[in-house]
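Here the structure comes first, spelled out in structure tokens, and everything after it is commentary.
Just so you know, all these numbers are worked out from the coordinates, no wet-lab data involved. If you're wondering where the values come from, they're calculated on a predicted model, not measured in any experiment. Glycine gets a Cβ as well: all are built from the backbone with ideal geometry, and neighbour counts include every protein chain shown.
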């Protein structure tokens with residue numbers, strides 16, 4: 001489901017990047033999902049001027065879940081969502097962490113964490129929690145992981 005890389009000047013104005021964060025355990029792969037209000041997602045945020053999508057994805061994962069040990073074992077492959085909510089597009093990379101406990105840091109702009117809850121889930125639970133726009137991202141991650 002990887003969409004071809006578009007030239008930088010054709011990138012949507014509302015473009016974000018994130019990471020499908022995984023960790024292995026005895027039962028298989030677990031994925032980190034974050035909840036804001038009723039919406040579940042992977043860590044992601046807007047790509048800032050002068051920042052590459054991968055740099056934004058790494059920064060956002062640190063800001064939203066305090067993860068700093070991301071290992072991009074599958075390289076810099078990515079999968080993007082189809083445009084949603086007025087043309088937004090989100091690009092996701094796949095990375096592994098050894099971190100089990102997640103901290104939801106306080107956002108200086110909001111004065112509270114950006115998310116209300118975090119969970120490590122298997123693919124089935126992720127499929128139930130994540131919205132339809134993220135189902136192709138979940139399927140892509142599953143294929144890369146051979147899960």
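To the nearest µm²/s, what D does Stokes-Einstein give for the chain at 4 °C and 1.567 mPa s, using the Kirkwood radius over alpha carbon pairs as Rh? The estimated diffusion coefficient comes to 84 µm²/s. Full extension of the chain between residue 38 and residue 68 gives 8.2 nm of extra length, using 0.36 nm per residue less the Cα-Cα distance.
Distance between the modelled labels on residue 59 and residue 135, one decimal in nanometres: 3.3 nm (7 Å Cα→Cβ projection). Of the beta bridges in the stretch 8-145, as assigned by DSSP with both residues counted there, near 75 percent are antiparallel. Distance from the C-alpha centroid of the stretch 89-145 to that of the stretch 63-85: 9 Å, rounded to the whole angstrom.
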